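The values are calculated or read from the model by the stated rules, or taken from the named source; none is laboratory data. Everything numeric in this text was worked out from a predicted model, so none of it was measured. Cβ coordinates were reconstructed from backbone atoms using ideal geometry, including for glycine residues, and neighbour counts include every protein chain displayed. For the accessible areas, the whole protein counts, side chains as well, though only heavy atoms, and no ligand, DNA or RNA atoms are used. Shrake-Rupley method; radii C 1.70, N 1.55, O 1.52, S 1.80 Å.
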Amino acid sequence: MSTQKPIRRITCPQITARKGGDPIVSLTSYHAHTAAIVDRYADFILVGDSLGMVMHGMENTVSVPLDLMIMHGKAVVRGTRRALIVVDMPFGTYEESPQVAFRNAVKIMKETGCGAVKLEGGARMEDTIRFLVQRGIPVMGHIGLTPQSSHVMGGFKTQGRDEDTWTEHLEDAAAVTRAGAFAMVVEGVVEPLADKITEQVAIPTIGIGASAKCDGQILVLEDMLGLNPKPPKFVKVYGDLNDQIENAVKAYADDVADRSFPTDDQVYR
Ligand code: KIV
């Protein structure tokens with residue numbers, strides 16, 4: 001008989017049912033240890049492709065390979081028992097056709113054990129999202145600022161500053177909903193547009209750099225823990241891990257240099 005607590009995860013329909021209700025709490029996480037902590041507080045954990053930037057020093061998310069997402073996805077699933085785990089489909093693994101997207105989404109789900117995938121794009125991804133959902137793959141949409149298209153957008157640019165573009169963003173949100181996504185990330189859009197999207201769609205919106213009125217919020221864990229020396233404006237920094245790590249490493253280096261580590265407590269007699 002197993003003595004471990006049973007794994008009972010929050011499901012995609014449970015997330016969808018939270019539309020207009022208690023705010024949905026979510027964070028990214030990329031390894032088993034931090035995921036175990038986040039698991040106690042978050043409704044879903046995103047293994048986002050931002051891991052390429054915050055863990056692997058890449059300039060943007062475009063270079064992130066599928067195998068890297070799978071490796072971190074496995075670690076996060078292993079470290080958690082309660083939250084829904086959503087894994088990002090990286091650039092180049094889903095845009096070509098619904099069939100290619102299906103093959104890669106199946107690979108992600110089988111190899112990581114995650115409960116859903118996320119992909120970027122609104123109206124242009126409607127058919128692909130529908131194809132996946134109809135075949136048993138829960139999809140979280142991602143509209144507004146879509147970092148995988150940053151080369152086309154000319155950088156990480158806030159969306160919707162020009163009201164003339166709102167119709168296009170609202171149509172993206174409607175298309176993702178029609179296609180059967182269970183929730184959608186709304187990233188980097190001006191607050192009134194985020195509010196309009198949240199009002200108009202029947203599935204939860206998860207804001208990042210969007211609005212407090214979204215149905216939930218997400219942040220990149222490393223940003224909110226203070227590991228990013230230059231976090232974006234929309235990040236509220238809740239910790240100062242950068243300084244704490246620096247101080248601990250320096251104290252260790254000093255102790256080694258003057259032989260005050262190890263002490264009697266740290267050696268075997
Ligand atoms: O990759 C990521 O971290 C994301 C969040 C910003 C939503 O997609």
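For beta carbons closer than 9 Å, sequence separation of 6+ or different chains, a first residue in region 59-70 that is of a type in the set (Asp, Glu) and more than 11 Å from the ligand (Cβ to nearest atom) and a second that is part of a helix (DSSP H, G or I) and open to solvent by 20 Å² or more (accessible area, probe 1.4 Å), the qualifying pairs are GLU59/MET53.
State which residue pairs qualify: first residue in contact (Cβ under 8 Å) with a residue 12 or more places away in the chain and inside region 146-169, second residue of a type in the set (S, T, N, Q) in any location, beta carbons under 6 Å apart, and separation of 6 or more residues or different chains. Pairs that qualify, where the first residue is in contact (Cβ under 8 Å) with a residue 12 or more places away in the chain and the partner is of a type in the set (S, T, N, Q), are PRO147/THR61; GLN148/THR61; SER150/ASN60; PHE156/SER150.
Taking each residue of region 78-98 that is more than 15 Å from MET109 (Cβ to Cβ) and looking for partners that are assigned to a strand (DSSP E or B) and hydrophobic (A, V, I, L, M, F, W, C) with beta-carbon atoms closer than 9 Å, six or more apart or interchain, yields THR80/ILE45; ALA83/PHE44; ALA83/ILE45.
Considering PRO229, PRO192, PRO204, the condition of being in contact with a strand residue (DSSP E or B) (Cβ under 8 Å, 6 or more places away or on another chain), in the same structural domain as VAL139 (by TED's automatic domain parsing) and not β-branched (Val, Ile, Thr) is satisfied by PRO204 alone. The residue pairs whose first member lies in region 252-266 and is in a helix (DSSP H, G or I), whose second member is surrounded by 11 or more Cβ atoms within 10 Å (Cβ to Cβ), and whose beta carbons are closer than 6 Å, counting only pairs six or more residues apart or on different chains, are ASP255/PHE261.
Within region 178-191, residues that are under 10 Å from PRO204 (Cα atoms) reach partners that are open to solvent by 30 Å² or more (accessible area, probe 1.4 Å) with beta carbons closer than 6 Å, at six or more positions or on different chains, in the pairs PHE182/THR16; PHE182/PRO138. Applying the condition of being open to solvent by less than 30 Å² (accessible area, probe 1.4 Å) and more than 17 Å from the chain's Cα centre (by Cα) to region 175-188 and asking which residue is nearest to the ligand (Cβ to nearest atom) yields VAL176. Just give me the residues in region 246-269 being farther than 22 Å from PRO229 by Cα and aliphatic (A, V, I, L, M), in sequence order. Correct list: ALA253, VAL256, ALA257, VAL267. Cβ-Cβ contacts under 6 Å between residues 6 or more apart (or on different chains), taken from a first residue in region 116-131 that is within 16 Å of the ligand (Cβ to nearest atom) to a second residue that is of a type in the set (Ser, Thr, Tyr), are listed as LEU119/TYR94; GLU120/THR146. Looking only at residues of region 192-224 that are in a loop (DSSP other than H, G, I, E, B) and open to solvent by 50 Å² or more (accessible area, probe 1.4 Å), we find that the one that is farthest from the ligand (Cβ to nearest atom) is ALA202. Within region 12-58, the set of residues being away from the ligand (no atom under 13 Å from the Cβ), part of a loop (DSSP other than H, G, I, E, B) and exposed (fewer than 15 other Cβ atoms within 10 Å of the Cβ) comprises ALA17, GLY20, GLY21, ASP22, ARG40, TYR41, GLY57. Within region 233-247, the set of residues being assigned to a helix (DSSP H, G or I) and open to solvent by 60 Å² or more (accessible area, probe 1.4 Å) comprises ASN242, ASP243, GLN244, ILE245, GLU246, ASN247.
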